[in-house]
Amino acid sequence: MRNVTLAVAAIAVMVVTLTIVLFSIITNATFTNTIAQITSKISVSAYLKDTTSEVQAQNLVKQLKQQPEVHKVVYLNKQQALQSYIDQNRQNPNLITAATEAGNPIPATIQIYPANLNQINEIKVFLVKPANAQLQTSDSPSYNGDRKQAIDNITHATNILRRIGAITVIVFAIICALIIFNTIQMAIFNRRDEITIMRLLGASTSYIRGPFVVESAIYGILAAVFSILIINSAFLASSSALQASSLGLLDINYANEYFDAHFWQLLTLQIGIGIIIGTVSSVIATRRYLKFKTK
């Protein structure tokens, strides 16, 4: 309390930092969910020749399911593929009429959903093997042209978002540690006369350093609680006052649900991060600026 200004400054900096860290964690989880939803709708389609028998088709499906990069395989025979085409084009009766009057030109289709967008090329390599390619039409697999570019763009964006999230957390953790380090340095400087007297009276090194470490840990705990309250208030404002469901690519509804579902885990994590940053910075600062001669 005798250094309330420094204490408030240190806590304020940690609140900002931990709020950014918490927001980065929630944002990363939200983006991951959004990307997972996009990924679940992306598939590689293999179109089978009409001469391909049902046994050959089922054998290819079985082999695809055994591939480690494949998450799910959906097989549609010619009749099912036609029905799917009709369902997708109900707003365009001309296309439906053309398909039905032509005697079902829609080929049997195998839809392969990748476990990871980065592994789509491995699926393509498997499909273009001579033994598998001879069962498919000339325009199979469908992962090519504009669609290939779109999937590649999504994959690239996914990797960038995850890297940005990780780098943001690391950068702000380092900034917070440096600021706490400087705060403890200033606190030591302000208490230099008190520290000198304590040393002259025979206080041990750990006894003198201990309060600075404990003080930094308290900063971390208080900052963690405040950061949680700030994020909670932000979600309440967005859902009730603004009635917003999304902010650009950020799905606020999912972010709010994630925050509520993981509240205690996030609070514990925030307290842990705050204590670690505070105590580590304090220990380093006290070891550097509280150097005592020992017998």
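For region 117-130, a residue qualifies if it is closer than 19 Å to T34 by Cα and touching an Asp or Glu at 6+ places or on another chain (Cβ under 7 Å), and exactly one does: Q119. Looking across region 1-10 at every residue that is in a helix (DSSP H, G or I) and surrounded by fewer than 21 Cβ atoms within 10 Å (Cβ to Cβ), the one that is modelled with the highest pLDDT is identified as V8.
Could we say that T17 is under 27 Å from I123 (Cβ atoms), of a type outside the set (F, W, Y) and surrounded by 13 or more Cβ atoms within 10 Å (Cβ to Cβ) here? So T17 does not fit the description; no.
Out of T97, T52, one residue alone is of a type in the set (V, I, T), over 30 Å from L222 (Cβ atoms) and at pLDDT below 80. It is T97. Annotation note: of I38, I42, the sole residue that is in contact with a strand residue (DSSP E or B) (Cβ under 9 Å, 6 or more places away or on another chain), at pLDDT below 85, under 21 Å from S142 (Cβ atoms) and not hydroxyl-bearing (S, T, Y) is I42. Among what's in region 46-83 and is assigned to a helix (DSSP H, G or I) and of a type in the set (V, I, T), pick the residue that is nearest to N118 (Cα to Cα). The selected residue is V61.
The values are calculated or read from the model by the stated rules, or taken from the named source; none is laboratory data. Just so we're clear, the structure is a prediction, and the values are computed from it rather than from any experiment. Here the Cβ is made from the backbone with ideal geometry for all residues, glycine too, and neighbour counts use every protein chain on show.
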